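Below is one structure, written out as structure tokens, with a few remarks after it.
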Protein chains: 4
Amino acid sequence: MTIQSNPKPTSEARKRDPEKRRRELLLAARHEFAEHGLSGARVDDIVNRAGVNKQLMYYYFGDKESLYEKVLEQAYIDKRKGEDDLELSAMPARDAMEKFIGYSFEFVRQNREFVSLVNDENLHLARHLEGSSVVQKRHVTLEKVIGDVLERGYAEGVFKRRVDPVDLYFTISSLSYFYFSNIHTMSKIFNRDLSAKKAINKRRGEIIAIVLSYLMHAPEDIDQV
Amino acid sequence: MTIQSNPKPTSEARKRDPEKRRRELLLAARHEFAEHGLSGARVDDIVNRAGVNKQLMYYYFGDKESLYEKVLEQAYIDKRKGEDDLELSAMPARDAMEKFIGYSFEFVRQNREFVSLVNDENLHLARHLEGSSVVQKRHVTLEKVIGDVLERGYAEGVFKRRVDPVDLYFTISSLSYFYFSNIHTMSKIFNRDLSAKKAINKRRGEIIAIVLSYLMHAPEDIDQV
Amino acid sequence: MTIQSNPKPTSEARKRDPEKRRRELLLAARHEFAEHGLSGARVDDIVNRAGVNKQLMYYYFGDKESLYEKVLEQAYIDKRKGEDDLELSAMPARDAMEKFIGYSFEFVRQNREFVSLVNDENLHLARHLEGSSVVQKRHVTLEKVIGDVLERGYAEGVFKRRVDPVDLYFTISSLSYFYFSNIHTMSKIFNRDLSAKKAINKRRGEIIAIVLSYLMHAPEDIDQV
Amino acid sequence: MTIQSNPKPTSEARKRDPEKRRRELLLAARHEFAEHGLSGARVDDIVNRAGVNKQLMYYYFGDKESLYEKVLEQAYIDKRKGEDDLELSAMPARDAMEKFIGYSFEFVRQNREFVSLVNDENLHLARHLEGSSVVQKRHVTLEKVIGDVLERGYAEGVFKRRVDPVDLYFTISSLSYFYFSNIHTMSKIFNRDLSAKKAINKRRGEIIAIVLSYLMHAPEDIDQV
DNA sequence: AATGAATGAGTTTTCATTCAT
DNA sequence: TATGAATGAAAACTCATTCAT
């Protein structure tokens with residue numbers, strides 16, 4: 001690995017690049033698992049998609065399920081990377097919150113495969129997340145980041161309602177995730193084209209409004225009515 | 001023949017009751033499909049659960065996929081039945097809305113299988129809902145019921161924000177559905193026991209608060225801040 | 001049978017006419033067996049075609065294979081009936097022979113199902129003809145009829161070549177039967193539409209010419225060349 | 001690897017010879033299909049005959065029907081190979097024709113499986129010949145070869161009757177093929193042992209006589225009588 | 001005489017995985 | 001590292017036949 005590590009494309013070129021093959025396999029696997037779920041995915045299809053020999057998959061990942069775990073873990077890592085890149089601490093609380101909600105929505109919008117993977121993993125009772133402490137660790141920081149924004153909001157006086165950061169994350173995720181997670185059944189049931197750009201953008205606006213409205217109004221407001 | 005003619009099921013009885021067998025098969029199938037998804041479910045397991053011969057399933061439903069369609073359709077019908085039983089028109093708008101949100105939450109809480117089925121159906125792009133116009137028809141009334149409550153709320157002055165009934169249904173569904181749909185991954189990720197009764201009840205309260213807060217505050221409220 | 005034998009259509013009419021149902025079953029079975037062979041035919045399809053309950057077939061015929069035997073036997077009986085109706089003894093030998101050849105050809109032309117049935121029976125080594133002495137008996141007369149025509153032909157001087165009646169029957173059958181038996185493969189192989197009326201009629205003429213030419217020229221004719 | 005590199009099959013040897021396994025599968029399949037037809041043949045029996053794992057059949061051929069197609073195609077190719085080996089152009093027309101008829105007869109005599117396969121394929125309306133252009137192409141040359149012999153016969157003055165080469169091929173095939181195709185039913189019907197060597201040889205002689213007689217006598221011969 | 005329900009034993013096909021090189 | 005060949009176990013589905021009425 002260290003010896004042949006960098007480019008150095010000899011006559012036979014791009015062959016014998018184990019890392020690349022691994023990545024290609026993971027990518028192909030993500031597509032397959034997202035499209036068909038763990039049990040619906042076919043090892044044959046994955047390796048065909050990746051353009052590699054079947055045995056190579058076993059060589060790299062051991063078996064189908066381990067490959068699935070790797071795919072899942074990577075999906076969560078990718079998502080958290082995006083969240084960390086937001087740099088929310090650099091802006092006013094309300095803006096930060098709006099940005100975070102918008103990003104959450106856009107993330108699922110552009111990573112539908114993530115939704116499918118996570119849904120399927122819930123079908124399996126999150127059994128494959130067991131081995132991965134990475135995922136858990138990464139979410140501790142997320143909790144903190146949201147907490148910080150909230151605190152700043154309270155300090156600024158822009159947020160009125162005290163909420164648990166994780167609860168808030170739930171709210172934001174629910175609203176963002178569900179739209180894409182259930183887009184097909186909902187489109188059929190209500191006979192609407194929810195995949196239309198216009199519909200999606202409208203929904204994003206509404207989701208931001210819901211969350212902000214919630215944060216910006218103290219509980220008493222309602223009870224007083 | 002003349003003696004046992006009527007549904008008087010004697011001691012051994014329960015034989016030759018095709019309708020019952022059909023129902024038992026559907027029930028067993030719902031369990032299996034909810035647990036393992038369409039591709040993960042095993043016909044053998046379904047018929048074993050139902051205690052019938054495998055061929056009977058084919059005799060009644062044609063094939064695995066058709067059985068799945070029937071299960072799915074029935075799941076939606078059952079859900080809609082519950083919604084219709086709420087009789088929301090008989091109470092003040094705010095109470096009606098609170099009741100509806102609470103019911104939506106409790107429905108998924110007590111019908112986790114519904115969540116699994118619908119998630120899996122989304123994985124299949126809602127392809128199996130194609131043939132069922134029943135499901136679509138039943139949701140037209142739902143749209144009307146929500147619309148009525150909203151209108152009454154505006155008239156009563158209790159609701160301030162104008163929203164599309166279907167959008168509102170989305171909001172309520174998102175918040176209710178996601179909690180249970182993603183309960184396993186979320187529990188792992190945040191290392192919390194989201195299945196605990198206390199956590200669930202707390203979340204229900206918050207969801208009701210979110211939705212009501214949204215409806216009861218006009219958009220300007222936020223912008224003015 | 002004797003009591004309810006004739007029409008007497010009571011209130012419920014055409015129901016309860018066992019003989020008719022038997023015939024309908026046999027007819028449907030003939031279609032199915034001719035189309036798919038013994039092993040390819042489906043009991044379900046047969047009874048559906050006949051519009052009767054499956055169990056009725058078992059009630060009447062015992063099992064699929066016995067039904068097949070009945071169908072086969074009936075097919076041979078029908079064919080022999082036609083041959084007997086020709087009344088070849090009433091006309092000059094050459095005309096009789098021409099008529100017989102023509103009839104043989106037309107029979108398979110119009111009874112393609114016979115061809116399929118017989119082919120399939122040969123696949124089964126004629127095992128199902130075992131029980132049926134009827135078929136064998138009926139062909140003894142056929143042998144005689146052909147023999148008579150031949151003898152008259154020799155006496156009239158129109159036929160020159162002495163042949164065994166059964167051999168001749170083979171020749172005629174071969175030429176007639178093969179055309180329709182192999183019409184699909186041959187059409188494909190030689191890229192011709194052998195099912196066209198024109199092609200069929202032309203072939204009939206040639207077959208008659210072949211057989212007559214053979215009978216009307218003594219063996220020496222060839223050797224002399 | 002370097003030591004056993006060449007096809008030097010040592011004592012245990014014969015492993016890992018995919019081509020051979022393919023051939024063995026095809027051979028076993030030909031037996032099975034010829035004995036039981038497409039629908040009557042059992043994949044299990046085929047692979048047992050070939051001594052290979054069942055899945056290997058699917059690995060090589062895709063499914064039962066595709067295997068059937070390959071078997072059928074190969075059967076036709078083998079037959080055509082034999083015909084090409086006759087080298088008819090090297091001998092006088094009459095001898096060539098006699099040789100061709102004799103060969104045609106002997107071919108079916110020694111390749112009864114061919115007969116069964118072709119019969120079964122006709123049952124399926126030659127549907128499986130669709131994809132194989134090979135078969136069709138190979139028969140174009142056959143048509144030419146027969147045409148050449150005929151032309152030479154006319155030139156030599158030995159053949160008097162002008163016939164279409166394909167029609168003649170039909171005549172020869174009919175007479176040869178039918179005898180073996182229908183040998184079981186005919187044996188039963190006429191209570192003769194048509195499988196006896198003597199009977200077969202006698203029939204071959206007669207078939208040659210029929211065809212030659214036909215070719216060597218102009219149509220007028222009959223009409224004049 | 002007639003029927004809908006039910007079944008056991010197959011039959012094709014699929015699939016993840018391992019072998020041999 | 002890489003691959004084509006090979007496999008056992010299971011899966012969906014089929015089919016002739018019988019049961020109960």
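Please state which of the following conditions B:SER116 fails to meet, knowing it meets all the rest: (1) part of a helix (DSSP H, G or I); (2) out of contact with any helix residue (DSSP H, G or I) (no Cβ under 6 Å at 6 or more places or on another chain).
(2)
When the range C:118-140 is examined, which residues are found to be farther than 21 Å from C:GLY40 by Cα and not polar (S, T, N, Q)? Break it down stepwise before answering.
At the first step, the residues of the range C:118-140 found to be farther than 21 Å from C:GLY40 by Cα are C:130-140.
Hits for the range C:118-140 are C:GLU130, C:GLY131, C:VAL134, C:VAL135, C:LYS137, C:ARG138, C:HIS139, C:VAL140.
Quick test of your reading of the structure: A:PRO92 fulfils all but one of (1) on the phi < 0 side of the Ramachandran plot; (2) within 16 Å of DNA strand F (Cβ to nearest atom); (3) touching a residue at least 24 places away in the same chain (Cβ under 8 Å). Name the failing condition by number.
(2)
All but one of (1) more than 7 Å from chain A (Cβ to nearest Cβ); (2) at pLDDT 95 or above hold for B:TYR177, so report the exception by its number.
Only one criterion is unmet by B:TYR177, namely (1).
For the range C:192-212, which positions are crowded, with 19+ Cβ neighbours inside 10 Å and modelled with pLDDT under 95?
Selection gives nothing.
What tally of residues in the range A:193-213 results from selecting those that are closer than 12 Å to B:PHE170 by Cβ and at the interface with chain B (Cβ under 7 Å from one of its Cβ atoms)?
2
Look through the range D:29-88, keep the residues that are within 14 Å of chain C (Cβ to nearest Cβ), among the charged types (D, E, K, R) and closer than 30 Å to D:VAL149 by Cβ, and return whichever of them is farthest from DNA strand E (Cβ to nearest atom).
Ranking the candidates gives D:GLU83 first.
Could you list, in sequence order, all residues of the range C:19-45 that are out of contact with any helix residue (DSSP H, G or I) (no Cβ under 8 Å at 6 or more places or on another chain) and either within 15 Å of DNA strand F (Cβ to nearest atom) or closer than 18 Å to C:ALA126 by Cα (or both)? Quick ask: steps written out before the conclusion?
Step one: filter the range C:19-45 for residues out of contact with any helix residue (DSSP H, G or I) (no Cβ under 8 Å at 6 or more places or on another chain), giving C:19-20, C:23.
Selection gives nothing.
Tell me, please, whether a residue that is at the interface with chain B (Cβ under 10 Å from one of its Cβ atoms), more than 26 Å from B:GLY37 (Cβ to Cβ), aliphatic (A, V, I, L, M) and surrounded by 13 or more Cβ atoms within 10 Å (Cβ to Cβ) can be found in the range A:117-130. First the steps, then the outcome.
Quick first cut of the range A:117-130, residues at the interface with chain B (Cβ under 10 Å from one of its Cβ atoms) only: A:117-130.
Then drop every residue that is not more than 26 Å from B:GLY37 (Cβ to Cβ), which leaves none.
The answer is no, given that none of the residues of the range A:117-130 is at the interface with chain B (Cβ under 10 Å from one of its Cβ atoms), more than 26 Å from B:GLY37 (Cβ to Cβ), aliphatic (A, V, I, L, M) and surrounded by 13 or more Cβ atoms within 10 Å (Cβ to Cβ).
A:ILE189 is checked against (1) out of contact with any Asp or Glu (no Cβ under 9 Å at 6 or more places or on another chain); (2) more than 10 Å from chain B (Cβ to nearest Cβ) and fails just one. What number does that condition carry?
(2)
Anything in the range B:137-160 that is small (Gly, Ala, Ser) and more than 26 Å from the chain's Cα centre (by Cα)? List them, or say none.
If we filter the range B:137-160 for residues that are small (Gly, Ala, Ser), which is where we start, we get B:147, B:153, B:155, B:157.
Residues satisfying the conditions are B:ALA155, B:GLY157.
Name the residue that is surrounded by the fewest Cβ atoms within 10 Å (Cβ to Cβ), counting only residues in the range D:146-191 that are part of a helix (DSSP H, G or I) and β-branched (Val, Ile, Thr). Walk me through it before giving the result.
Of all residues in the range D:146-191, those part of a helix (DSSP H, G or I) come to D:146-156, D:165-181, D:183-190.
Next, from what is left, pick out any that are β-branched (Val, Ile, Thr): D:146, D:149, D:166, D:171-172, D:183, D:185, D:189.
Numbers: D:ILE146: 23, D:VAL149: 25, D:VAL166: 18, D:THR171: 25, D:ILE172: 22, D:ILE183: 20, D:THR185: 23, D:ILE189: 25.
If we take residues in the range D:146-191 being part of a helix (DSSP H, G or I) and β-branched (Val, Ile, Thr), then D:VAL166 is surrounded by the fewest Cβ atoms within 10 Å (Cβ to Cβ).
The values are calculated or read from the model by the stated rules, or taken from the named source; none is laboratory data. Since the structure is predicted, the reported quantities are computational estimates derived from the model, not experimental observations. Methodologically, a virtual Cβ is constructed for each residue, glycine included, from the backbone with ideal geometry; neighbour enumeration extends over all protein chains shown.
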